[in-house]
Amino acid sequence: MPDVYQQQIDLAQEFLNENPQADVSRVQCLLRKIIPTLYHPFIDKLHCQHTIGSTINVWGGQNQIAPQAKFATQYYNKDRPVESDTINTEQDLYEIDKIVRRHGNYTWGIRKLQELDMSNEKVLNVMDSYVHNADVEDVLSIMRTPQTEVQAFALLEAALTVDDNSLLKSLIHNHWIQNCRNTNYKPLVCAAIERLNKK
């Protein structure tokens, strides 16, 4: 099922592309009020497609646009300032998430997110949503070291579905699982302990 919020953001970008006079900040403000916080980094990426540059007709050495000008400058391929790693990570995250939401391939998304900076909170939040939606076998084949509580318990749940206990043995010592206070996760911890005590 396609992501409704991502579709709304994509439609807003199409609107801004077709209407360069539109106020980007107002569109972003409206979207922030109606779309969950998880999508706000994608809303921040909205921009207008302004045509940069203009054509100056020079005839016989005379500038037709500003004939009285005493000074003129011209820039070709002016280098943009180097962007920080955080901005690059968020741009990559946006592109990955756009593809995953469109095609529903959470396994590919998990693999691609592991290439990004896993200390970034936004990357971890998106990773959590992918792990939650991915197939159990895919989670087991891709992830071995959980970075968040959600990932730890998704991996624990997946480990309980297979016969091999090696992953269970390593996960049971994970600090999120050992210090579990969430009542939704308690049955998983109990099932893992019970299974390990049987063998």
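Values for this structure:
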| read-out | value |
| --- | --- |
| Dipole of region 89-195 [Lys/Arg +1, Asp/Glu -1 at C-beta], most positive-end residue of Asn182, Ala159, Leu171 | Asn182 |
| Listed peptides 102-108, 125-131, 178-184, 145-151 by packing density, highest first (mean Cβ within 10 Å) | 125-131, 145-151, 102-108, 178-184 |
| Rounded Å value of the spacing that divides the Cα centres of region 152-199 and region 1-48 | 40 |
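Laboratory data are not the source of any read-out in this text; all were calculated from the coordinates shown. As the structure is a prediction and not an experimental result, all values here were calculated from the model. Neighbour counts run over all protein chains shown; Cβ positions are idealised from the backbone, glycine included.
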